[in-house]
1. Which whole-Hz couplings ³J(HN,Hα) result when phi for each residue of the range 75-90 is put into the Karplus expression 6.51 cos²θ - 1.76 cosθ + 1.60, θ = phi - 60°, listed in order with x for Gly and Pro?
2. Check the straight Cα-Cα distances from LYS135 and name the aspartates and glutamates below 18 Å, setting aside those fewer than 8 residues away within the same chain.
3. Which loop-located GluC sites (Glu not before Pro) does the range 24-124 contain, where loop means any DSSP state but H, G, I, E or B and the Cβ has at most 13 other Cβ atoms within 10 Å?
4. Cα gyration tensor of the range 89-142, axes a ≥ b ≥ c as square roots of the eigenvalues: rounded (a/c below 1.5), prolate (a/b > b/c) or oblate?
5. Quick one: of the DSSP bridges fully inside the chain, what percent are antiparallel, nearest 5?
6. Using 5 Å bins from zero, what percent of all Cα-Cα pairs in the range 1-103 falls into each bin?
7. Quick check for you: with a 1.4 Å probe and neighbouring chains kept, what is the accessible area per residue of the chain, in Å²?
8. With a 1.4 Å probe and every protein chain kept in, tell me what percent of the accessible surface of the range 132-225 is carbon plus sulfur.
Amino acid sequence: MEITKFNHACIKVQSQHRTLVIDPGNFSPSHQALQGAEAILITHEHADHCDLDAVLAAMTDNPELTVFTPSALAPTIVAAARAAGVSEAAARIHAVVPGMNFTAAGMEISTHGGLHAVIHHSMPAVSNVGYFINKNLFHPGDSYQVPEGISIRTLLIPAHAPWAKIGESIEFLSIVAAPVNIPIHDGLLNDRGLALVDRLLGGAASARALNYHRILNGEAQSVDD
């Protein structure tokens, strides 16, 4: 399995010459990331994780492309796809909730979590689904919810966000204890911020004998199946 980061939280996953994309948002070159994809996995409704225009364009260009999205967001995408003239929109957009298992682009997927991390108590709660791929790679979306019943080998760990605190990211890394940890959700950081986050998360990983390393945007990284 190979993963490529397309800035922020957008990750392309390739296995056995098949491709899916997680969270093609508007902080990322989503049109580029979606080229050749068979499936899209969306963790939640925020635009930095779901660039709806890019998703609809990709669905129009590729009539075989399918979308998996939290059940709260699915009706919005279906309505937008129908308005855009996307063929068989409802049949190609699948609502998911935590606790499901399915196959996308030939890869085994299970869903976890359920809620977006709290930004502030005055703001409404948002659904969030984390995806566990090929019993290896976990993308949590915007959440520190620790998935139960799975053994994660590669964790995509949120590095920075309005809802994030570096201490909570370190705690998440520590509890999950994945052998490999790769930062995502860092599109708002400059070089100084990236270096600071890497020093803190990398130090926490090293203290626990875990690997932590950054994938440069557009760079592919092999991940053991």
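The values are calculated or read from the model by the stated rules, or taken from the named source; none is laboratory data. None of these values were measured; they are calculated from a predicted model. Every residue, glycine as well, gets a Cβ built from its backbone with ideal geometry; the counts of neighbours run over all protein chains shown. These accessible areas exclude ligands, DNA and RNA; they are computed on the full protein's heavy atoms, side chains included. Shrake-Rupley method; radii C 1.70, N 1.55, O 1.52, S 1.80 Å.
1. x, 5, 5, 4, 4, 5, 5, 4, 5, 8, x, 5, 5, 6, 4, 5
2. List returned: GLU2, GLU108, GLU148, ASP224, ASP225.
3. Working: sites: GLU38, GLU45, GLU64, GLU88, GLU108; in loops: GLU38, GLU45, GLU64, GLU88.
In loop regions of the range 24-124 (DSSP not H, G, I, E or B), the sparsely surrounded GluC sites (Glu not before Pro) are GLU64, GLU88.
4. Judged from the Cα gyration tensor, the range 89-142 comes out oblate (a/c at least 1.5, b/c at or above a/b).
5. 60
6. With 5 Å bins starting at 0, P(r) equals 3, 14, 26, 26, 21, 9, 1, 0.
7. Numbers: 10010 Å² over 225 residues.
Solvent-accessible surface per residue comes out at 44 Å².
8. On the range 132-225, the fraction of accessible area on carbon and sulfur atoms equals 51 percent.
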